[in-house]
1. Has the range 315-324 got at least one residue that is in a strand (DSSP E or B) and in contact with a Lys or Arg (Cβ under 8 Å, 6 or more places away or on another chain)?
2. What are the residues in the range 252-278 that are farther than 19 Å from residue 186 by Cβ and either open to solvent by less than 30 Å² (accessible area, probe 1.4 Å) or in contact with a strand residue (DSSP E or B) (Cβ under 7 Å, 6 or more places away or on another chain) (or both), if any?
3. What pairs can you find where one residue is in the range 209-238 and free of Cβ contacts under 8 Å to residues at least 60 places away in the same chain and open to solvent by 50 Å² or more (accessible area, probe 1.4 Å), the other is of a type in the set (Val, Ile, Thr) and part of a loop (DSSP other than H, G, I, E, B), and their Cβ atoms are less than 6 Å apart, with a gap of 6+ or different chains?
4. Just to verify a result, which residue in the range 129-161, among those that are part of a strand (DSSP E or B) and of a type in the set (S, T, N, Q), is nearest to residue 56 (Cα to Cα)?
5. Starting from the range 32-53, take each residue that is in a loop (DSSP other than H, G, I, E, B) and list its partners that are loosely packed, with under 10 Cβ neighbours inside 10 Å and at pLDDT 65 or above, counting only C-beta distances under 9 angstrom and pairs at least six apart or across chains.
6. When residue 242 is evaluated against the numbered criteria (1) modelled with pLDDT of 95 or more; (2) aromatic (Phe, Trp, Tyr); (3) part of a helix (DSSP H, G or I), which criterion, by number, is the only one it fails?
7. Taking residue 166 as meeting all but one of (1) over 16 Å from the mean Cα position of the chain (by Cα); (2) open to solvent by 10 Å² or more (accessible area, probe 1.4 Å), write down the number of the exception.
8. Can you report the number of residues in the range 61-101 which are of a type in the set (D, E, K, R), assigned to a loop (DSSP other than H, G, I, E, B) and out of contact with any Asp or Glu (no Cβ under 9 Å at 6 or more places or on another chain)?
Amino acid sequence: MKQKGMHEAPAGKKHTVLIAVLVIVLAIIGCAYGFYRAKIGKLNYDDGKLEQQGTINENDSVVQADSAAMEEALQNVESQNAVLSDNDVVQNNSVFNVLLIGTDERSAEFSDAARGDACMLLSLNKKTMQVTLTSFERGMGVPILEGPYKDKYDWFTHTFRYGGADLMMREVQECFKVDVNYYVRVNFYTFEKIIDAVGGIDVELTELEAKGLNGEVYTNAITSQKVQEGWNHLDGFDALQYARIRFIDSDWNRIARQRNVMDTVIKKAKELSLLELNQLLDTVLPLVQTNLTSKEISMLLTLVPRMGQVQVQQLTMPAKGTYGSMTGLNGRKMYAVDFEKNAELLHETVYGIKQ
């Protein structure tokens with residue numbers, strides 16, 4: 001397939017937002033059991049299912065802007081059909097999978113009308129302590145598994161609106177043949193609060209990123225404070241703008257910026273005192289939604305003494321050379337993914353299975 005102007009997100013052993021979860025868990029388990037119970041009780045538990053399936057407002061300015069961006073990104077990419085995998089879902093008790101979802105609300109309340117703005121799969125091998133972080137391109141065309149749009153293809157990001165975290169997990173399981181039954185959800189508001197709770201972050205901006213954040217070139221995100229090329233100190237609001245930059249480059253670069261933010265946050269969180277960490281948890285945990293129960297969390301806590309052995313590797317799906325362009329629901333342009341090839345790559349990386 002011919003792909004021009006597209007960039008593959010870098011892979012490597014970088015810490016990310018998902019490792020932040022492990023770091024927080026490590027801090028909790030180091031304290032008294034009663035403290036652990038009190039903090040875990042602050043989490044917002046939800047099964048991830050919607051009471052009523054939603055739809056997408058085609059006149060929404062964000063949807064229209066995303067559509068225009070996808071049209072431009074795919075204009076030189078060959079057309080093809082999506083290829084589904086015929087393989088069975090891999091079941092492996094040694095690997096614990098959890099889907100991390102970032103939704104686009106800007107308040108403390110979670111909404112059923114949100115979209116899955118970012119989605120990553122954390123796969124932890126409990127024997128080897130290998131962590132695989134897989135980012136899913138939000139513009140992938142996936143077959144909708146239920147509801148009025150069943151069997152039609154739409155952007156992966158829209159599946160949250162159609163069926164919540166529950167549907168997003170099932171989409172990942174069906175398309176990539178990995179067993180995933182757990183999720184952790186945060187939103188834009190949570191993101192800002194986390195950044196502010198650690199005192200802001202230092203980020204190195206390119207010239208183009210700085211111009212975009214200052215409104216000198218078109219993007220979807222402008223900071224409250226003027227920024228410059230090079231190092232800048234960003235508060236929660238401005239760090240969110242940086243992580244959300246679109247249009248100046250590709251969505252692959254956007255994913256890299258999000259990872260950069262999380263890497264910086266984790267490093268700062270590691271330096272917090274116990275009192276500061278306590279304040280961070282009190283602020284953040286009520287803003288986290290998950291279907292992980294105390295049983296699953298307790299299981300993860302038993303692994304804390306081995307956290308020093310953790311090795312982190314990253315993937316981005318779809319992989320380079322495994323996708324083309326297609327038209328899906330309501331004429332939207334989207335990535336036509338060879339899910340069979342991508343599932344095989346994911347299985348080899350996460351489970352050591354070669355097909």
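1. Looking for residues that are in a strand (DSSP E or B) and in contact with a Lys or Arg (Cβ under 8 Å, 6 or more places away or on another chain), one finds none in the range 315-324, hence no.
2. 252
3. 211/217
4. Taking the candidates together, the pick is 135.
5. 53/148
6. (1)
7. Residue 166 satisfies every listed condition except (1).
8. Here the count works out to 2.
The values are calculated or read from the model by the stated rules, or taken from the named source; none is laboratory data. Owing to the predicted nature of the structure, the values given are computational and were not obtained by experimental measurement. Please note: Cβ atoms are built from the backbone with ideal geometry, for glycine as well, and neighbour counts cover all protein chains shown. SASA here: full protein model, heavy atoms, side chains in, ligands and nucleic acids out. Shrake-Rupley method; radii C 1.70, N 1.55, O 1.52, S 1.80 Å.
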